[in-house]
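The values are calculated or read from the model by the stated rules, or taken from the named source; none is laboratory data. Since the structure is predicted, the reported quantities are computational estimates derived from the model, not experimental observations. A quick note on method: Cβ atoms are made from the backbone with ideal geometry, for glycine too, and the neighbour counts reach across all protein chains shown. All accessible areas refer to the heavy atoms of the entire protein, side chains included, with ligands and DNA or RNA removed. Shrake-Rupley method; radii C 1.70, N 1.55, O 1.52, S 1.80 Å.
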Amino acid sequence: MKSDATLDCIGLYCPMPIANTAKKIKEIKTGQVLEVVGDDEGLKEDMPAWCKATGHEFLGMEEEGEKIKMYVKKTK
Amino acid sequence: MAEKEKATIIMFSGELDKAMAALNVAIGAASMDMDVTMFFTFWGLNVIKKDKVDSKSKGILKKMLNVMNRGGSRRLPLTNFNMAGIGPWMMKKLMKDARFPSVAESLALAHEMGVKFAACTTSMGIMGLKKEAFIDEVDVYCGVASYLLEAKDSKVNLFI
C-alpha cells in the first residue's frame, strides 16, 4: 500500500507504538496516509482500536513474517 | 470542538510494576485524545518524588518515615519478587533490553502528552512532605473534591 510517511515501531511494546503514532499523525496532512511498521502482536488489535477512538481511518494491514505494516489515513 | 473525553487514575500504590501499568494506561489514553489526570496519593506519592529529597519534615515520626520511605521513581520496589532490591534491578534490566521506557521516562512522556499530575495534599500533610519533595511535572496540589470534579465526568476511572 502507498503511504506518505513511515513510522518505525519495530521492537517497541505497548503503549509506545500508539503513543508514537499519535505524535506522528500530527506531522502529516489531512488525507495523507501513515504507515506504521511494528512487530508487537497486540498492535493488530490496538491500531484499529486507536483509529476508532481518534476518528482516523484504518486502511488495513499487511504482514511480512514478524513485521506488521499498518496503514492509517489522517481524517482531520 | 467537542470537549475531550476524560480519564482519571488514582495512583495509590508506590511500586514499580503498578506505576508502569498506570502510566501505560495514561499514555494510551492521552494517545487516544483523552484528557487524562493522575492523582497521586499515599504510597503513590513515592512515584513522583524527586530522587533526592530533603524532606525538612518536623517531628521524629515524620523524619523516620521519610528516611525509610524515600521514594523517587528510580527507587520503587516490586509487588512480587522484590528480593531486597534484586527484583527491581532485574525488571529494570529487562525493561531496558525491551526498549521499554523507565518509570521516569514514562512520567516525562505522559506529561509531554498532556497528562495532568495531581498530588494529594492530605497524604503530604500526614507524611510531612512539602511541594519541594516532588518533581517539577506535578501540575496541581489538591484534595478529594478536585479529584471528584474530574472523576464524575470521566469515562475511565482507575484505582491502582
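Numerical summary
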quantity: Test result for residue A:1, assigned to a loop (DSSP other than H, G, I, E, B) and of a type in the set (A, V, I, L, M); calculated: yes
quantity: From A:76, A:29, residue being within 11 Å of chain B (Cβ to nearest Cβ) and loosely packed, with under 14 Cβ neighbours inside 10 Å; calculated: A:76
quantity: Answer residue from the range A:32-45, given it is acidic (Asp, Glu) and not in a loop (DSSP other than H, G, I, E, B) and is least open to solvent (accessible area, probe 1.4 Å) among those; calculated: A:35
quantity: Of residues in the range B:6-34 being touching a residue at least 60 places away in the same chain (Cβ under 8 Å) and charged (D, E, K, R), the one farthest from the other protein chains (Cβ to nearest Cβ); calculated: B:15
quantity: Residue check, residue B:98 surrounded by fewer than 19 Cβ atoms within 10 Å (Cβ to Cβ), over 18 Å from residue B:19 (Cβ atoms) and either at pLDDT 95 or above or out of contact with any Ser or Thr (no Cβ under 9 Å at 6 or more places or on another chain) (or both); calculated: no
quantity: Qualifying residue in the range B:59-68 (condition: open to solvent by 60 Å² or more (accessible area, probe 1.4 Å), away from chain A (no Cβ under 14 Å) and closer than 30 Å to residue B:6 by Cβ); calculated: no
quantity: Selected residue [modelled with pLDDT of 95 or more, in contact with a helix residue (DSSP H, G or I) (Cβ under 7 Å, 6 or more places away or on another chain) and surrounded by 13 or more Cβ atoms within 10 Å (Cβ to Cβ)] from B:21, B:26; calculated: B:26
quantity: Residue identified as closer than 20 Å to residue B:25 by Cα, among the aliphatic types (A, V, I, L, M) and touching a Leu at 6+ places or on another chain (Cβ under 6 Å) among B:45, B:109, B:158, B:76; calculated: B:76
quantity: Which numbered condition residue B:37 misses (of (1) more than 14 Å from chain A (Cβ to nearest Cβ); (2) part of a loop (DSSP other than H, G, I, E, B)); calculated: (2)
quantity: Residue match in the range B:51-66 (condition: among the aliphatic types (A, V, I, L, M) and touching a strand residue (DSSP E or B) at 6+ places or on another chain (Cβ under 6 Å)); calculated: no
quantity: Count of the range B:114-153 residues which are in contact with a Lys or Arg (Cβ under 8 Å, 6 or more places away or on another chain) and open to solvent by 20 Å² or more (accessible area, probe 1.4 Å); calculated: 8
quantity: Candidates A:62, A:35, A:45, filtered to the one that is more than 12 Å from chain B (Cβ to nearest Cβ), of a type in the set (Asp, Glu) and touching a residue at least 60 places away in the same chain (Cβ under 8 Å); calculated: A:62
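For (1) surrounded by 20 or more Cβ atoms within 10 Å (Cβ to Cβ); (2) more than 18 Å from residue A:62 (Cβ to Cβ), each residue gets a yes or a no:
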site: A:2; (1), (2): no, no
site: A:8; (1), (2): no, no
site: A:16; (1), (2): yes, yes
site: A:47; (1), (2): yes, no
